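Below is one structure, written out as structure tokens; comments come after it.
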Amino acid sequence: MQTEGRAPIESSRALSARRLFIAISCLVFATDLATKNWAASYLQFREPIKLVGDFLKLTYGTNPGAGFSFATDATALLSSLKLCVAAFIIYYMRKVTNKGWAIGLALLLGGVVGNLWDRITRPPGVWRGEVVDWIQLPNWPIFNIADSAIVCAGLLLTFLSMKNIQPKDAS
């Protein structure tokens, strides 16, 4: 009898976590894509826009490599790795029932797919496209919404792990 009572609760939690995962990952991807398209059309050929003095500027830039322009000659490899990471996140999400983990994985997937989209669709070509960046802080590389989502995902998933919160809620 107990196992019959658990299955619907677990299914309900899993379904809720998956819906949250899909909604957030799609929202991150859509926001990233829209803001990059805006930056490419509005910021590309103008001076940086100062929002908060020299602390926060909107500056168009592109990045052929990973974070901090690392591995600029390995764009195809980086793109392939991102595709593998996205596939792993989608596969792993099937086992997740905890909403915190669903949010963290959604942020990660949305960010990874956002930057992968640039690698596939932007010049100089498929698997070698440069990622559009447009947010600038002092003493930090220019970044975008996808990068921010990836960093937030890393912080959230690290916090959940440190607190020993499991991806699958205990029933």
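Subtracting the Cα-Cα distance from 0.36 nm times the residue separation, let me have the gained length for Leu15 to Tyr42 in nm, one decimal. Don't skip to the end; give the middle numbers.
Values: separation 27, 0.36 × 27 = 9.72 nm, distance 3.99 nm.
Contour length minus Cα-Cα distance gives 5.7 nm.
Can you give the calculated 222 nm mean residue ellipticity of the chain, where each DSSP H run of n ≥ 4 adds -39,500 (n - 2.57) and the sum is split over every residue, rounded to the nearest 500 deg cm²/dmol?
On the way: 4 runs with 101 residues, N = 171.
Computed ellipticity for the chain at 222 nm equals -21000 deg cm²/dmol.
Please report how many Lys pairs in the chain have alpha carbons closer than 29 angstrom, counting only residues at least 8 apart along the chain or sitting on separate chains.
Qualifying lysine pairs in the chain: 13.
Segment 78-171: D in µm²/s via Stokes-Einstein (Kirkwood Rh, Cα pairs, 4 °C, 1.567 mPa s)?
90 µm²/s
For Val126 and Ala23 in the same chain, what is the full-extension length gain: residue separation times 0.36 nm, less their Cα-Cα distance, in nm?
Taking 0.36 nm per residue and subtracting the Cα distance, the gain is 34.4 nm.
Using every Cα-Cα pair within segment 11-162, state what percent have a distance larger than 19 Å.
55 percent
Can you give the charge dipole size of the chain about its Cα centre, rounded to the nearest 20 debye, using +1 on the beta carbon of Lys and Arg and -1 on the beta carbon of Asp and Glu? Don't skip to the end; give the middle numbers.
Values: 17 positive and 11 negative charges, 93 e Å.
With Lys and Arg at +1 and Asp and Glu at -1, about 440 debye.
Taking trypsin sites (Lys or Arg not before Pro) as candidate sites, keep only those in a DSSP loop with at most 13 other Cβ atoms within 10 Å, then name the longest stretch of the chain containing none of them.
Here the longest run is 96-162.
Would you work out which of Pro124, Leu77, Gln44 lies farthest towards the positive end of the dipole of the chain? Charges go on Cβ: Lys and Arg +1, Asp and Glu -1.
Selected residue: Leu77.
Give me the one-decimal nm value for the distance between modelled label points at Ala34 and Asn164, 7 Å along each residue's Cα-to-Cβ direction.
For the pair Ala34/Asn164, the computed spacing is 4.2 nm.
Determine, from the Cβ-Cβ distance of Trp140 and Ala74 and an R0 of 22 Å, the FRET efficiency 1/(1 + (r/R0)^6), rounded to the nearest 0.05.
0.50
Which residues' amide hydrogens lie under 5 Å from the amide hydrogen of Leu56, considering only partners 5 or more residues apart or on another chain, with H built in the peptide plane?
Residues meeting the criterion, in which the H sits 1.01 Å from N, are Leu51.
Where a number appears in this text, it was derived from the coordinates with a stated rule and is not lab data. Model, not experiment: these values are computed from the prediction. A quick note on method: Cβ atoms are made from the backbone with ideal geometry, for glycine too, and the neighbour counts reach across all protein chains shown.
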